[in-house]
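Report on the following structure.
The values are calculated or read from the model by the stated rules, or taken from the named source; none is laboratory data. Treat the numbers as computed from the prediction; the structure is a model and nothing was measured. No Cβ is skipped: glycine too gets one built from the backbone with ideal geometry, and neighbour counts run over all protein chains shown.
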Amino acid sequence: MRTAWGYDVEGTINPIITVAQFHQLTGNTFSSNPRVESAINAASQSIRNYCGWHICPMMTCTAYPVGGTIVARLPATYVSEVNGVTEDGVELTTDDYQWRRDGLLKRSPRHQWSDKWDAITVEYVAGYSVDAVPDLIEAIVSIASGVLSVSAGVISESADGVSISYATSASSIASSLTSAQKSALDQYKVVGSHAV
């Protein structure tokens, strides 16, 4: 499946936390609200869009990084495995490159990565387990709770001037990350990615 961040994943990318986890973490404060699932989805997507990758959980991925220099970047801040690299259709050996857990790939000392479009293909495993990212979970709970605290539907109306105001949608509220939330998420943000 192609992601919005320019790489492919095996399987489906689900929200970072489940509805049951959200209810547990909020003490069932929003258990009667029918918009919980959409709020969690919107919060997860907003965080992922800001960071430029799926973040959580660990997934098998295929990326096509930009070359032209000695170092190329995968769209991830935590890579646990690199399973294969091809360049210009040739499968490379581990003597041809090095990789780091932060998503950097370094070509062998006397070479640069090809500068042709889509010349490099990397198969790898990236992402954190949900237990390793409590700050991320806290951000999702905070954002989703903010979404759920706003009433849905008409929030004001007037008569002769014909003015009706609607509550904003879950996705528009969730996409409005605060500077404090962005600061907390910066450690997961891919530099030079499709991130906004």
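Test R48 against the stated conditions and say whether it is over 30 Å from A180 (Cβ atoms) and either of a type in the set (K, R) or in contact (Cβ under 8 Å) with a residue 60 or more places away in the chain (or both). Step through it out loud before you land on a result.
Values: over 30 Å from A180 (Cβ atoms): no; either of a type in the set (K, R) or in contact (Cβ under 8 Å) with a residue 60 or more places away in the chain (or both): yes.
No: the conditions fail for R48.
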Search result, residues across region 108-123 that are in contact (Cβ under 8 Å) with a residue 24 or more places away in the chain and touching a strand residue (DSSP E or B) at 6+ places or on another chain (Cβ under 7 Å):
W113, S114, A119, I120, T121, V122, E123
Is it the case that I70 is β-branched (V, I, T) and under 27 Å from L177 (Cβ atoms)?
no
Which of the residues that make up region 107-138 are over 22 Å from R48 (Cβ atoms), modelled with pLDDT of 95 or more and within 24 Å of the chain's Cα centre (by Cα)?
I120, T121
Selection count where residues are touching a strand residue (DSSP E or B) at 6+ places or on another chain (Cβ under 8 Å) and farther than 26 Å from V133 by Cβ, scope region 72-97:
8
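So that you can scan it fast, the table gives a plain yes or no per residue for (1) assigned by TED's automatic domain parsing to the domain that holds W99; (2) surrounded by fewer than 13 Cβ atoms within 10 Å (Cβ to Cβ); (3) over 13 Å from the mean Cα position of the chain (by Cα); (4) among the β-branched types (V, I, T):
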| site | (1), (2), (3), (4) |
| --- | --- |
| F22 | no, no, yes, no |
| S38 | no, no, yes, no |
| C51 | no, no, no, no |
| R73 | yes, no, yes, no |
Could you tell me which of the residues A63, A42 is surrounded by 14 or more Cβ atoms within 10 Å (Cβ to Cβ), closer than 27 Å to Q187 by Cβ and in the same structural domain as A139 (by TED's automatic domain parsing)?
A42
Cβ-Cβ below 6 Å, separation at least six or inter-chain, first residue in region 8-35 and touching a residue at least 12 places away in the same chain (Cβ under 8 Å), second outside any loop (DSSP other than H, G, I, E, B) and among the small types (G, A, S): which pairs?
P15/S44; I16/S44
Taking the criterion of being of a type outside the set (G, A, S) and touching a Leu at 6+ places or on another chain (Cβ under 6 Å), would at least one residue in region 102-121 satisfy it?
no
Taking into account only those residues within region 4-20 that are surrounded by fewer than 18 Cβ atoms within 10 Å (Cβ to Cβ) and of a type outside the set (A, V, I, L, M, F, W, C), which is nearest to P75 (Cα to Cα)?
G6
Check whether at least one residue in region 94-112 is surrounded by 13 or more Cβ atoms within 10 Å (Cβ to Cβ), acidic (D, E), touching a His at 6+ places or on another chain (Cβ under 8 Å) and more than 30 Å from L148 (Cβ to Cβ), and report yes or no.
yes
Among the candidates E138, E123, single out the residue that is among the acidic types (D, E) and either within 26 Å of S31 (Cβ to Cβ) or part of a helix (DSSP H, G or I) (or both).
E138
